[in-house]
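The values are calculated or read from the model by the stated rules, or taken from the named source; none is laboratory data. It should be emphasised that the depicted structure is a prediction, and the values quoted were computed from it without experimental measurement. All Cβ positions, even for glycine, are placed from backbone atoms using ideal geometry, and neighbour counts span all protein chains on display. Accessible surface areas use protein heavy atoms only, side chains included; no ligands, DNA or RNA. Shrake-Rupley method; radii C 1.70, N 1.55, O 1.52, S 1.80 Å.
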Amino acid sequence: MKKILFLLCALLSIGASAQVSAQTILMGDTNSDGQLSIADVTSTVNMVLGKSPALTVDLSGMAYRVDNSGVAGRWKAPDNSRFTLNADGTTDYPGAATYEFRPFQGTLLFCDALGNPVRMLHLAVVASDHLLAVDCATQGFTLYTNDSRVTSIALSSTSLMLNSGATAQLTATVTPSDALNPSLQWTSSDESVATVSPAGLVTAVAGGTATITCTATDGSGVSATCQVTVTQLVTSITLSHTTLVLEVDGYQKLTATVLPSNAANTKVTWTSSDEDVAEVTSTGGVAAVGIGSCTITCTARDGSGVQATCQVHVRNLVTSVTLNYSSLELDVDETQTLSATVLPSDATLKTVSWTSSNTAVATVTNAGLVSAVSAGSAVITCTARDGSGVKATCQVTVSDPDSHEYVDLGLPSGTLWATHNVGATNPEDYGAYFVYKTELDLSDDAAYVPTIEQFYELINSSYTTSTWTTVNGVNGYKITSKSNGNSIFLPAAGYRGGTSLLYAGSQGYYWSRTPDTKNPGYAYALFLFFNSSSISTGGMGDRYNRGSVRPVRLSN
């Protein structure tokens, strides 16, 4: 209410130049309801300004400015005279150099260059773009309008058509050209389609439409827009083959995957770098014409420049590869050379490559040399290197005479007995013959020479039964567990005395690693001895007599 009374007092001081009588202004209560209101003041001001009811100044937002930045601006009077209030307190008000705003008094005090007051205005703010000022010297009032703000923005383009990835620079022309704050803010309605920099540089991102808005930052709310339409270009092409090897008159269809799927134009063109080598159809069909190499290129037709290529080699291809062995059986550390016959003899490229399916079992060199590494199976593959895909294979089986399978006979000690003798590959083979006190002292985790106690346990009738029998024409003892029915076969391998094999087929002599303590000077050892009528443990002659070894290991 104090603001309203102040404004009425200011209006009361207006002289004869006013367009309505002072009596009307003095009354103030324009609707005769006994109350002074904003509506009353609004009505009075509009009468002073000679405005019709349809063209009124709305004073409902009237309020005092609170600081210099609030009143700062360029203000225009009805006679088009202007003055500027700078935020730093300087002014070009006639006859003044600086001003001081006193918000609690609602006054502007103008001073000259020496700091002497030269004029004072009482003022109220009308909305955000008007100052109602009463000159304390002349008692006249003036309604100033803000003449410092941007009134319009014109963009260099109101619409843009761009390909994805392209850029365009928008420029803005601000009116008035001398606006105190001509700075602008740029925004995009959809940055997934197009972005804009603080300087107005538009970058097309992906297909779609977006609105670029340029807005004045001086609070005027003035803005301008540009509609951007982005055409999505192809970003990548992937071919079904990057390399083709064909023989003359051969054919292969290439297919192209074009991304992104929402590209505006996904069509492509196909070209060959040498049609004397290979031709390509408009749909990617490659036909081999003559020996040589060329490049098939697939290019996007949307102007993006995106391409993909396939290298085509036309050759007289290999039709068959034959190896000198289709299978090999080797012992560990043995080698064998494979050789390949490549047809036709006039194939453009006759070289081959060699690979092993299991290098832990067998390896192969570039020359086809196969080396047995450990027991097991592996497939050696010989492949033509001309891209024909023609290959040949050899099945390799590697045996290790020193490797053994073991049988659990359910013995109390947990001893497991090997299925065959050292040096043998199956149970009925005699295997190798050994001299006591040399090999027999050597053992590892895979195989041990049994002790005489383990022989005792093996032929103990409480645990096993021993039967003289023949397996695949070989005589020997079959020893069967009474607890689980498992069995082993000990062939009657005899023994070697010097260079002669003695008693093979009728007797068996199996070393233990337990020495004969009764004859230590002669290096005697105890052994398992048997013939068709009995099986027992006993002694044997000196180390020059060579016998069989059946390995054992413990279950744990």
Condition first: surrounded by fewer than 20 Cβ atoms within 10 Å (Cβ to Cβ) and among the small types (Gly, Ala, Ser). Now tell me which residues in the range 149-165 satisfy that. Ser152, Ala154, Ser156, Ser157, Ser159, Gly165
Which number in (1) part of a strand (DSSP E or B); (2) open to solvent by 20 Å² or more (accessible area, probe 1.4 Å) marks the one condition that Leu490 misses? (2)
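Go through Asp331, Asp400 for me and flag whichever is in contact with a Pro (Cβ under 8 Å, 6 or more places away or on another chain) and closer than 30 Å to Val549 by Cβ. First the steps, then the outcome.
Details: Asp400 fails: in contact with a Pro (Cβ under 8 Å, 6 or more places away or on another chain).
Every option except Asp331 fails the conditions.
Just name the residue that is modelled with the highest pLDDT out of those in the range 176-190 that are loosely packed, with under 13 Cβ neighbours inside 10 Å and not in a strand (DSSP E or B).
Ranking the qualifying residues of the range 176-190, first place goes to Ser183.
Could you list, in sequence order, the residues of the range 386-415 that are among the charged types (D, E, K, R) and either over 30 Å from Leu246 (Cα atoms) or open to solvent by less than 50 Å² (accessible area, probe 1.4 Å) (or both)? Break it down stepwise before answering.
In the first step, residues of the range 386-415 are kept if they are among the charged types (D, E, K, R); the result is 386, 391, 400, 402, 405, 408.
Of everything in the range 386-415, those that are among the charged types (D, E, K, R) and either over 30 Å from Leu246 (Cα atoms) or open to solvent by less than 50 Å² (accessible area, probe 1.4 Å) (or both) turn out to be Asp386, Asp400, Asp402, Glu405, Asp408.
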Right, Gly89: modelled with pLDDT of 80 or more and open to solvent by less than 30 Å² (accessible area, probe 1.4 Å) or not? yes
Whether any residue in the range 228-246 is under 30 Å from Asp178 (Cα atoms) and in a strand (DSSP E or B) is what I want to check. yes
Close pairs from the range 467-494: first within 22 Å of Gly547 (Cα to Cα), partner among the charged types (D, E, K, R) and crowded, with 21+ Cβ neighbours inside 10 Å, Cβ under 9 Å, at least 6 apart: Ile488/Arg550; Leu490/Arg550
Just wondering, is there one or more residues in the range 380-400 that are among the hydrophobic types (A, V, I, L, M, F, W, C), under 30 Å from Ser293 (Cα atoms) and in contact with a Lys or Arg (Cβ under 9 Å, 6 or more places away or on another chain)? yes
For Val364, state whether it is without any contact (Cβ under 8 Å) to a residue 40 or more places away in the chain, surrounded by fewer than 16 Cβ atoms within 10 Å (Cβ to Cβ) and within 41 Å of the chain's Cα centre (by Cα). no
Taking into account only those residues within the range 105-133 that are among the β-branched types (Val, Ile, Thr) and at pLDDT below 80, which is surrounded by the most Cβ atoms within 10 Å (Cβ to Cβ)? Val126
Filter pass, Leu239 being open to solvent by less than 40 Å² (accessible area, probe 1.4 Å), within 26 Å of the chain's Cα centre (by Cα), under 30 Å from Lys391 (Cβ atoms) and at pLDDT 95 or above: yes
Members of the range 280-297 found to be of a type in the set (A, V, I, L, M, F, W, C) and touching a Cys at 6+ places or on another chain (Cβ under 8 Å), listed by number: Val286, Ile296
From the option list Thr173, Thr145, Thr84, single residue qualifying as part of a strand (DSSP E or B), under 23 Å from Asp218 (Cα atoms), open to solvent by 50 Å² or more (accessible area, probe 1.4 Å) and not small (Gly, Ala, Ser) is Thr173
Going through (1) open to solvent by 50 Å² or more (accessible area, probe 1.4 Å); (2) within 28 Å of Thr151 (Cβ to Cβ); (3) at pLDDT below 85 one by one, Arg102 fails only at (2)
Within the range 221-230, which residues are modelled with pLDDT under 95 and open to solvent by 40 Å² or more (accessible area, probe 1.4 Å)? Gly221
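Need a quick list: strands (runs of 3 or more DSSP E) entirely within the range 263-360 having at least 1 residues that are more than 30 Å from His404 (Cα to Cα) and open to solvent by less than 70 Å² (accessible area, probe 1.4 Å).
Values: elements: 268-272, 278-280, 285-288, 292-300, 307-315, 320-323, 327-331, 335-337, 340-343, 352-356.
Where strands (runs of 3 or more DSSP E) fall fully within the range 263-360 and carry at least 1 residues being more than 30 Å from His404 (Cα to Cα) and open to solvent by less than 70 Å² (accessible area, probe 1.4 Å), they are 268-272, 278-280, 285-288, 292-300, 307-315, 320-323, 340-343, 352-356.
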For the range 148-170, how many residues meet the condition of being at pLDDT 95 or above and outside any strand (DSSP E or B)? 4
Out of all the residues in the range 192-206, is one or more modelled with pLDDT of 95 or more, farther than 30 Å from Pro260 by Cα and open to solvent by less than 50 Å² (accessible area, probe 1.4 Å)? no
Residues of the range 495-514 being part of a strand (DSSP E or B) and crowded, with 16+ Cβ neighbours inside 10 Å, which ones? Tyr495, Arg496, Gly508, Tyr509, Tyr510, Trp511, Ser512, Arg513, Thr514
For the range 474-483, give me the residue count where each residue is open to solvent by 70 Å² or more (accessible area, probe 1.4 Å) and farther than 19 Å from His404 by Cα. 2
